[in-house]
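So the structure is just underneath, and the comments pick up after that.
The values are calculated or read from the model by the stated rules, or taken from the named source; none is laboratory data. The structure displayed is predicted, hence computed values, not measured ones. For neighbour counting, all protein chains shown are included, and Cβ atoms are generated from backbone atoms with ideal geometry for every residue, glycine included. Ligands, DNA and RNA are stripped out before the accessible areas are found, and what is left, the full protein with its side chains, is counted by its heavy atoms. Shrake-Rupley method; radii C 1.70, N 1.55, O 1.52, S 1.80 Å.
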Amino acid sequence: MTLYLPTRHVTLPPETWDPGRARSWLQRWAADALSVRARQAWPVHPRDAEDFPEPASPAPLNSLYFGASGVWLALARVAAAGLCNLPMGLPQIFDQVLEDYTRSPDDGARVPSWFLGESALLTICCLARPDAHKAARLAEMIRENRVNPTREALWGAPGTMIAALFLHEATGDERWAELIRDSAAALWESWVHDEARDVWLWEQDLYGRRIHYLGAAHGWAGNLYSLWRARPLLSPEQQTALRARTLQGLDRLAVIDGELANWPAHTESPSKLLLQWCHGAPGIITSLRHAELPEALPLLLQGARSIVAAGPLAKGVALCHGTDGNGAALLEMYRRTQDAFWLDRAREFAMWALAQSEAELNRVGQWRYSLWTGDAGLACTLLDCLDGRSRGMPGLDSLW
């Protein structure tokens, strides 16, 4: 049984982990990004432009997923490592990004989305420098988005709930705890038992289609991420049910072949097996970062072995659907197990992604200035590989 589509992966020459080469890449990328930004907004990469309607060259982007806020988060990490210097403080940087987004939203209209909208930008601004007005707007946005029919992390309550989680973890303010419980309640109300599969699922009403996605970006795993991170604020009964439903779903939704495992993109086509963060084992692994589930470790290890067996992704660099995103999942397995095998494999994937980044730069003539689809995400993976640790998915588990 094939647990992934071979055409989505490529065979590349072996790459030995080289910390000097990784640092050199980080310095070159950061220097170029800062030089370009000093003259103009970061240009949209042609491959990112494909995801937007006409015109083919969209206006400069500012969201966490595609835009300037994600790039600045990565640059802040590179600066903290002593490999570049930021032109100003983080409060000034992110206030400007929010202002640019407000004037020209990435999606054409201001939306609450954590990845593509305003909630992440407001959260980052409030963490960089507390602001009562921004906090009030953010709280209203989280509350209003609780019943978003997408029921997934990209657009819906599981995503805007992350804003409240970051602020509650930073401040302990009960206002954010109440919003977390409110979003969790909305998720709980829409969590339905699928009798045929004997598993609890959410239905996504997304892009004109009703579907049961399972991955980290649009479905089951991404929703579990927010609930597990919010677990201390849930009732004892909810905590018990969350544990049982997660373990049941992991087991019943998995496709297993010997020592390997993967999870379909959605239940409507169980044979559609992708192997990347947004759909498949990498996102399942990273979405359970906050879950204390030792019983799940054998199955997660099978998923990690599938990542290694498949090798780098043909799409190249991208946390969402690329080689460095899969490397980030292997770093998470190292964090869980402290087995150096997984750190070595993560570093191998990082070096493959570095080579793919350089090849794309030579082909197109510009870096891909984005966190979740481009080189800013690779910068975060390389920094974690240099440190020999996992800080989780940037912009999701941690910010700067």
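Within the shell defined by Cβ-Cβ distances under 10 Å, the residues around Ser63 carry a net charge of -3, with Lys and Arg each +1 and Asp and Glu each -1.
Taking only protein heavy atoms and a 1.4 Å probe, the accessible area of the range 147-196 is 53% carbon and sulfur.
Give the shape of the range 169-298 as rounded, prolate or oblate, defined through the alpha-carbon gyration tensor: a ≥ b ≥ c are the square roots of its eigenvalues, a/c under 1.5 means rounded, and otherwise the shape is prolate if a/b is larger than b/c and oblate if not. Verdict is prolate for the range 169-298.
If you count, for each residue, the other Cβ atoms within 10 Å and average over each peptide, how do 282-295, 184-197 line up from highest to lowest? If you can, show how the numbers build up before the last one.
On the way: 282-295: 21.2, 184-197: 14.4.
Per-residue mean Cβ counts within 10 Å order the peptides as 282-295, 184-197.
Look at where the Cα atoms of the range 102-167 and of the range 345-360 average out, and the two centres are 32 Å apart. Annotation for the range 1-79 versus the range 168-199: alpha-carbon center distance of 32 Å.
How far, in nm, would the chain grow between Glu169 and Ala31 when pulled straight, counting 0.36 nm per residue and subtracting the alpha carbon separation? Spell out each step's value before the answer.
On the way: separation 138, 0.36 × 138 = 49.68 nm, distance 3.27 nm.
Extra length from Glu169 to Ala31 when fully extended: 46.4 nm.
The loop-placed chymotrypsin sites (Phe, Trp or Tyr not before Pro) in the range 1-95, going by DSSP, that have at most 15 neighbouring Cβ atoms within 10 Å of their Cβ come out as Trp17.
Across the range 186-260, the volume of the C-alpha convex hull divided among the residues equals 122 Å³ per residue. Calculate I(q)/I(0) for the range 116-168 by the Debye formula, one identical point scatterer on each C-alpha and no solvent, and give its log10 at q = 0.28 Å⁻¹ to two decimals. Computed log10 I(q)/I(0) values: -1.10. What does the C-alpha gyration tensor say about the overall shape of the range 1-156? Classify as rounded when a/c is under 1.5, otherwise prolate if a/b is larger than b/c, or oblate. Here the range 1-156 falls in the oblate category. In the chain, the DSSP-assigned H stretches of four residues or longer account for a calculated mean residue ellipticity at 222 nm of -16500 deg cm²/dmol, using -39500 (n - 2.57) per stretch and the full residue count as denominator.
Please calculate how many Å² of accessible area the range 357-400 carries per residue, with a 1.4 Å probe and no DNA, RNA or ligand atoms counted. I get 28 Å² per residue for the range 357-400. Rounded to two decimals, the Cα radius of gyration of the range 25-87 over 2.2 N^0.38 Å is 1.19.
Which of the three applies to the range 221-348, rounded, prolate or oblate, going by the alpha-carbon gyration tensor with a ≥ b ≥ c and a/c under 1.5 meaning rounded? It would help to have the intermediate numbers written out before the result.
On the way: a/c = 1.73, a/b = 1.42, b/c = 1.22.
In terms of gyration-tensor shape, prolate.
With a cut-off of 18 Å on the backbone N, the residues of the range 292-326 near the modelled label site 7 Å out from Thr2 along Cα-Cβ are 306-315.
Based on the inverse mean of 1/r over its pairs of different Cα atoms, what is the Kirkwood hydrodynamic radius of the range 183-222, in Å?
Working: mean 1/r = 0.0933 Å⁻¹.
About 10.7 Å for the range 183-222.
Considered as an equivalent ellipsoid built on the Cα gyration tensor, the range 257-325 has semi-axes of 18, 14, 13 Å, the largest given first.
The residues of the range 149-211 present an accessible area of 42 Å² per residue when probed at 1.4 Å with all protein chains retained. Pairs of alpha carbons in the chain separated by more than 32 Å make up 30% of all such pairs.
Quantify how much of the Cα-Cα distance distribution of the range 217-285 extends past 18 Å, in percent. List each step's numbers first, then the result.
On the way: 934 of 2346 pairs.
Looking at the range 217-285, the distances longer than 18 Å represent 40 percent of pairs.
The listed peptides 335-341, 162-168, ordered by packing as a protection proxy, come out as 162-168, 335-341 (highest mean of other Cβ atoms within 10 Å first).
In this simple spin-label model, placing a label point 7 Å from the Cα along the Cα-to-Cβ direction at both Asp18 and Ala59 gives a separation of 4.2 nm.
Mean 1/r over all different Cα pairs, inverted: what Kirkwood radius does the range 92-150 give, in Å? Kindly include the intermediate steps, with their values, before the conclusion.
On the way: mean 1/r = 0.0855 Å⁻¹.
This gives a value of 11.7 Å.
With the full set of protein chains in place, find how many percent of the accessible area of the range 284-333 is carbon and sulfur; take the probe as 1.4 Å. Ligands and nucleic acids excluded, carbon and sulfur reach 58 percent.
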